[in-house]
1. Residue check: is SER157 surrounded by 15 or more Cβ atoms within 10 Å (Cβ to Cβ) and without any contact (Cβ under 8 Å) to a residue 40 or more places away in the chain?
2. Could you list all residues from the stretch 119-154 that are farther than 28 Å from ILE187 by Cβ, outside any loop (DSSP other than H, G, I, E, B) and either basic (Lys, Arg) or open to solvent by 70 Å² or more (accessible area, probe 1.4 Å) (or both)?
3. So GLY95 fits all but one of (1) over 19 Å from ASP206 (Cα atoms); (2) touching a strand residue (DSSP E or B) at 6+ places or on another chain (Cβ under 8 Å); (3) touching a residue at least 60 places away in the same chain (Cβ under 8 Å); (4) assigned to a helix (DSSP H, G or I); what number is the exception?
4. Among the residues of the stretch 28-49, write down those that are open to solvent by 10 Å² or more (accessible area, probe 1.4 Å) and within 19 Å of HIS176 (Cα to Cα).
5. Within the stretch 84-104, track down each residue that is more than 30 Å from LEU131 (Cα to Cα) and more than 15 Å from the chain's Cα centre (by Cα).
6. Can you tell me how many residues in the stretch 170-194 are open to solvent by 10 Å² or more (accessible area, probe 1.4 Å) and either in a helix (DSSP H, G or I) or not charged (D, E, K, R) (or both)?
7. Scan the stretch 57-92 residue by residue and report those that are assigned to a loop (DSSP other than H, G, I, E, B) and either farther than 19 Å from LEU197 by Cα or open to solvent by less than 10 Å² (accessible area, probe 1.4 Å) (or both).
Amino acid sequence: MPSIPYQGSSLYFDDIGKGTPLLFIHPPGMGRAVFSKQHSLASHFRLIIPDLSGHGDSPTMKPFVSLDSFVDELLFLLDHLQLSTCVLLGYSAGGVIAQEFAAAYNERVSAMILIGAYSKVVHNKLKMMHLIGMKMVRHHPVRLAKIISKAHTKDKSERKELVLHMNKANPEVWYHFYKQSLCYDGIEKMNRCKVPLMLIYGEKSDWVNDQLECYKDCHPKKVYIIPGASHQIPTLHHDALNAILAGEVEGLVSFK
């Protein structure tokens, strides 16, 4: 697992496969372990999967990490790897960082894929999930890691690995990632952003229609609704997700 020095600490990341680079961005607390089921895509693409600062194996010297600072470290990583462009892939609140990066560095993004993501929290259940997460990470971070890991896995050994990885997260960073995602409003930025966009949701996710409405004026875009899928697409519905990515990424890059 490679790492690079960054602001007095280190950024750890997976770098596997060859071809079009996909940069994966995880949600609060989860780290790169949430994308373990996507490693098989290394036969199609170059996968760059970092632990953001304060998550997993990437410690941070800062008590507070902002969305902008996450964007800065992803830019630093791309520069270190000498990648002029990449396909951004953000899952859930990781999509907030993807959208901020695309808005700031449009020329470095050949396409963007958002999985169960949002440009603004408009659904009451989604808002409540953020608030509960913020409260629990303040008082019961270990318990929260177990709850999230259980929701994302069926296999006990995979669940154990995810819990162990999540328990490395800095609770303060985790909390503020939730908070900033809750307050985020990127609708206008996304409307102005002309990066080819793919939106992927699970049919059973409660907030799909509300969140799709936020992207109604974005162009160009493609939308996939995975039948029978819940929100936890990268882990529980990885076969469907990986099939979409393997079949669509190259076309999305040239999609106008």
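1. Values: surrounded by 15 or more Cβ atoms within 10 Å (Cβ to Cβ): no; without any contact (Cβ under 8 Å) to a residue 40 or more places away in the chain: yes.
When the stated conditions are applied, SER157 does not pass them.
2. The answer is ARG138, HIS139, VAL142, ARG143, LYS146, ILE147, LYS150.
3. So the condition that GLY95 fails would be (1).
4. ARG32, the sole residue that qualifies.
5. Just the residues of the stretch 84-104 that are more than 30 Å from LEU131 (Cα to Cα), to begin with: 84-87.
Listed by number, the residues that qualify are SER84, THR85.
6. Step one: list which residues in the stretch 170-194 are open to solvent by 10 Å² or more (accessible area, probe 1.4 Å), which gives 170-172, 175-176, 178-180, 182-185, 187-189, 191-194.
After this cut, where a residue has to be either in a helix (DSSP H, G or I) or not charged (D, E, K, R) (or both) as well, the list is 170-172, 175-176, 178-180, 182-184, 187-189, 191-193.
So the answer is 17.
7. Taking the stretch 57-92 and keeping what is assigned to a loop (DSSP other than H, G, I, E, B), we get 57, 59-66, 81-85, 92.
Listed by number, the residues that qualify are ASP57, PRO59, THR60, MET61, LYS62, PRO63, PHE64, VAL65, SER66, LEU81, GLN82, LEU83.
One line per residue, one yes/no per condition, for (1) outside any strand (DSSP E or B); (2) touching a residue at least 24 places away in the same chain (Cβ under 8 Å); (3) over 21 Å from HIS237 (Cα atoms):
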residue: PRO5; (1), (2), (3): no, no, yes
residue: SER10; (1), (2), (3): no, yes, yes
residue: ASP15; (1), (2), (3): no, yes, yes
residue: PHE24; (1), (2), (3): no, yes, no
residue: GLN38; (1), (2), (3): yes, yes, no
residue: ALA42; (1), (2), (3): yes, yes, no
residue: ILE48; (1), (2), (3): no, yes, no
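The values are calculated or read from the model by the stated rules, or taken from the named source; none is laboratory data. All values derive from a computational prediction rather than experimental measurement. Cβ: placed from backbone, ideal geometry, glycine included. Neighbour counts: every protein chain shown. Remember, those area values only see protein heavy atoms, side chains included, never the ligands or the DNA or RNA. Shrake-Rupley method; radii C 1.70, N 1.55, O 1.52, S 1.80 Å.
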